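What follows is calculated from the coordinates using simple rules that are stated; it is not laboratory data. Values in this document were obtained by computation on a predicted structure and should not be read as measured data. Cβ atoms come from the backbone with ideal geometry, glycine included; neighbour counts cover every protein chain shown.
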Ligand code: TXA
Ligand code: MG
């Protein structure tokens, strides 16, 4: 009888970071915290390791991956890093922003990272564990969110362990993620920058550096597979902008006056704090996603600032599964 070995979940001290870097160098998969969500990392230059990401996530096809770097300078060897990229990097890196740029012909990253496109996404994360790992490795790490395909992104090591623990080598535990939503993705491959995914770096903040951004082009889904409508979805149906709630429903509340009568309630923020709400969103969706409820009713969340990113994820979670 074969016994599947479950990946150890290690507090991310210096010894664990060394282990992580060694395993990545050897082509193995290592999950690690970033300030946004947990990532499932593979050595970006290794075709076999990157292919392993898609296998572990059970991704139906090869979506492009974000390359994680210790320093902005490393991006220049991988992509054509133009002056707009430099301005955004100077202000927002390290931090929750990914930039899609034209791939250099001598780029060392596996072609699988680009999924057949001629561009590549890069980001310098801010989380000390991610930075410690990347600095020890000294190379780019391709990392999607560390969840099985179709699940909401993980914001704790326990989420990763439950979803992928039997398929990867190591999980570095750095506690719950501070931001809780995936990075903002901006496409800089065309003259007009385009917001592919809203996140904690808002479109307004980015526009202060590089001028107005176009919205995601829904007619070009292959350009941004993460923009496909149903992407961050619990199993239960979501009922958005609920103004009442049934006794057989779970309630995702927001604000000081949560609706009453739900079977179970989680309040994203009783003090109307969007930062707190973003950080709690994915863990709350996972916790409320129980088969004996009819649906998850979701109270309205205001759309300004980080609210745009929260509502983007809620709309996707509510969309019919494709
Ligand atoms: O916060 C994050 O970005 C997390 C952490 C781990 O860094 N990563 C993450 O990766 O969310 P993933 O694979 O779950 O989402 C990456 C998004 C997808 O929407 C993907 O389509 C888009 O970025 N993307 C990546 N490379 C791209 C490219 N070359 N062109 C267009 N979109 C790209
Ligand atoms: Mg993802």
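Values computed for the structure shown
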item	result
Acute angle (nearest 10 degrees) that the helix 274-288 long axis makes with the longest principal axis of the chain, alpha-carbon atoms	80 degrees
Chain lengthening between residue 241 and residue 204 when straightened (0.36 nm per residue, less Cα-Cα)	10.8 nm
Shape of region 67-141, Cα gyration tensor, a/c cut at 1.5	oblate
Separation of alpha-carbon centers, region 92-108 and region 38-85, rounded to whole Å	9 Å
Beta bridges per DSSP with both ends in the chain, % antiparallel, nearest 5	45 percent
Peptides 82-94, 176-188 ordered by average Cβ neighbours within 10 Å, highest first	176-188, 82-94
Cα centroid of region 144-168 to Cα centroid of region 265-279, whole Å	23 Å
222 nm mean residue ellipticity, helices alone, for the chain (DSSP H n ≥ 4; -39,500 (n - 2.57); rounded to 500)	-8000 deg cm²/dmol
Shape parameters for region 11-61, alpha-carbon atoms, Rg then Dmax in Å	11.5, 36
Cα shape, region 51-193, gyration tensor, a/c 1.5 rule	prolate
Tilt relative to the chain, helix 14-25 - C-alpha long axis, 0 to 90 degrees, to 10	70 degrees
Tilt relative to the chain, helix 128-137 - C-alpha long axis, 0 to 90 degrees, to 10	20 degrees
19 Å cut-off, amide nitrogen to a point 7 angstrom out along residue 22 Cα→Cβ, residues in region 132-154	132-139
Where labels lie 7 Å past Cα in the beta-carbon direction, separation of residue 76 and residue 5 in nm	4.1 nm
Coordinate range along principal axes, alpha carbons of region 45-92, Å, largest first	36, 18, 17
Cα gyration tensor shape for region 138-178, rounded if a/c is under 1.5, else prolate or oblate	rounded
Region 8-121, Cα convex hull volume normalised per residue, Å³	114 Å³
Semi-axes of the equivalent ellipsoid for the chain, Cα gyration tensor, largest first, Å	31, 24, 17
Residue 263/residue 48 FRET efficiency (R0 30 Å; Cβ-Cβ; nearest 0.05)	0.05
